[in-house]
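The values are calculated or read from the model by the stated rules, or taken from the named source; none is laboratory data. Everything numeric in this text was worked out from a predicted model, so none of it was measured. Here the Cβ is made from the backbone with ideal geometry for all residues, glycine too, and neighbour counts use every protein chain on show.
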Amino acid sequence: MLLLGQPAKAGLLRVPPTSAEPHSGCIAGRTQRPIQSSKRAGIWCPQRARVEIARAEDGAASHTFRLWASFRRQNLYPSRVLKAKDALYDHSYGWKSHVSAEQSNREGSRSLHEGVAGPTHFGSAPGLYATRGGGAAAHEAFHYTFGKAVSSIEKQGRRAGSYATPNGALSPLQAHIDLALPANRGLPDALLRVDLAGLRRAGYEIPQATQAGRMFGMPGGGMEMRFPYPIPPEFIKAVLP
Amino acid sequence: MKLGEIRSQMVAFRLSVDEEARALKDSYLALDRLHQLYRRFDVNEREMAEQVLTEWALSMDENVRFDALALIDDFKIASAVPALQTLLAHLASATSPGAPYEIKKVARIIAGMQPMVKA
């Protein structure tokens, strides 16, 4: 797969090579044709799709990191990084749409916009897009953080001023870019779910989600909400790790 | 160092890390830094710091209380138990949405330190 003319760099995710042979897990349906690519053939194959998205994100991530390094050295930011971000979106969301369409075919009229999201590096998280742009009406929000903070947050709750996003299906890199997180602290490796419905029932006012602006050299653009009060641990659950 | 100096140092430090956490979108950072500050204190300074944390635990500001409770819980500051019991009484009449959950938290912290208090 090519991204902006750059070959995907193997190694980040250690993706196994794709075989041209039909995958045993592919649902060939009525076509009985050899499957070269699950996406091209329009045939749902979970295993092959996972490999494809992993390879796509691997390439996009490698390319983006190279551009960030380039930015630091030559001050080339932001146009080339924005292109890399777009490439990441194209592949990631395109794949999710593919997954969703296939699921719709098999399951009826459900669609991505009803809250079906495909697995990401953080695993499968429902609620994507169903809550996009919301906040006040959303049932849950997500906090991308670090594993070392999870036990403390689960025990003490979250401090006032903490952030969350309605989108729980971002990869660590996407979260970093979309939510404009500081570049020097590494990629988040943990995901927490905040029970907005529970908070609402308990009498808390849920803050509106707003678009994250550019910060720390990250373009932002994702939705975020900032809680002006401490969140009790009863309303927080670790999704990952 | 005297109690007044420790108190003002801790207040200033808390405000500083609070601002930093807000700027970096990482609320956990403030708590982490407060833990680091407490660990840096020597024995005498810790005694005074514990007194300051006890004052914070009775603060009207729930954000200040949050930090105090986290430190008291994590470092098992048994000398704060009487203040926590006072806080429980105050919270019982509070009407804020967070009061019931804070009561649970304070009760859990007190229960966790009962063996230390008895000893």
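Numerical summary
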item	result
Scope the stretch A:191-232; condition over 18 Å from residue B:23 (Cβ atoms) and without any contact (Cβ under 8 Å) to a residue 40 or more places away in the chain; matching residues	A:198, A:199, A:200, A:201, A:202, A:203, A:204, A:205, A:211
Residues of the stretch A:229-240 classified as more than 16 Å from residue B:27 (Cα to Cα) and within 11 Å of chain B (Cβ to nearest Cβ), total	2
Condition check for residue B:16: under 28 Å from residue A:180 (Cβ atoms), more than 15 Å from the chain's Cα centre (by Cα) and facing another protein chain (nearest Cβ under 10 Å)	no
Sole exception among (1) out of contact with any Lys or Arg (no Cβ under 8 Å at 6 or more places or on another chain); (2) within 21 Å of residue B:32 (Cα to Cα) for residue B:100, by number	(2)
Residues of the stretch A:156-183 satisfying the condition of being at the interface with chain B (Cβ under 7 Å from one of its Cβ atoms) and modelled with pLDDT of 90 or more	A:156, A:158, A:159, A:160, A:161, A:162, A:163
In the stretch A:184-205, the residues that are farther than 27 Å from residue B:74 by Cα and within 11 Å of another protein chain (Cβ to nearest Cβ)	A:184, A:200, A:201, A:203, A:205
Hits in the stretch B:20-36 (condition: surrounded by fewer than 19 Cβ atoms within 10 Å (Cβ to Cβ), in contact with a helix residue (DSSP H, G or I) (Cβ under 9 Å, 6 or more places away or on another chain) and facing chain A (nearest Cβ under 10 Å))	B:22, B:24, B:32, B:35
Odd one out for residue B:58 among (1) closer than 21 Å to residue B:105 by Cβ; (2) within 14 Å of chain A (Cβ to nearest Cβ); (3) not aromatic (Phe, Trp, Tyr)	(2)
Criterion: among the hydroxyl-bearing types (Ser, Thr, Tyr), within 14 Å of another protein chain (Cβ to nearest Cβ) and surrounded by fewer than 22 Cβ atoms within 10 Å (Cβ to Cβ) - qualifying residue of A:210, A:145	A:210
The stretch B:79-101 residues that are away from every other protein chain (no Cβ under 14 Å), paired with ones that are outside any helix (DSSP H, G or I) (beta carbon under 7 Å, 6 or more apart)	B:83/B:58; B:86/B:58; B:87/B:58
Residues of the stretch A:170-190 that turn out to be in contact (Cβ under 8 Å) with a residue 60 or more places away in the chain and crowded, with 24+ Cβ neighbours inside 10 Å, as a count	2
Number of positions in the stretch A:213-228 that are crowded, with 21+ Cβ neighbours inside 10 Å and within 11 Å of another protein chain (Cβ to nearest Cβ)	3
Residue match in the stretch A:164-174 (condition: assigned to a helix (DSSP H, G or I) and under 26 Å from residue B:109 (Cα atoms))	no
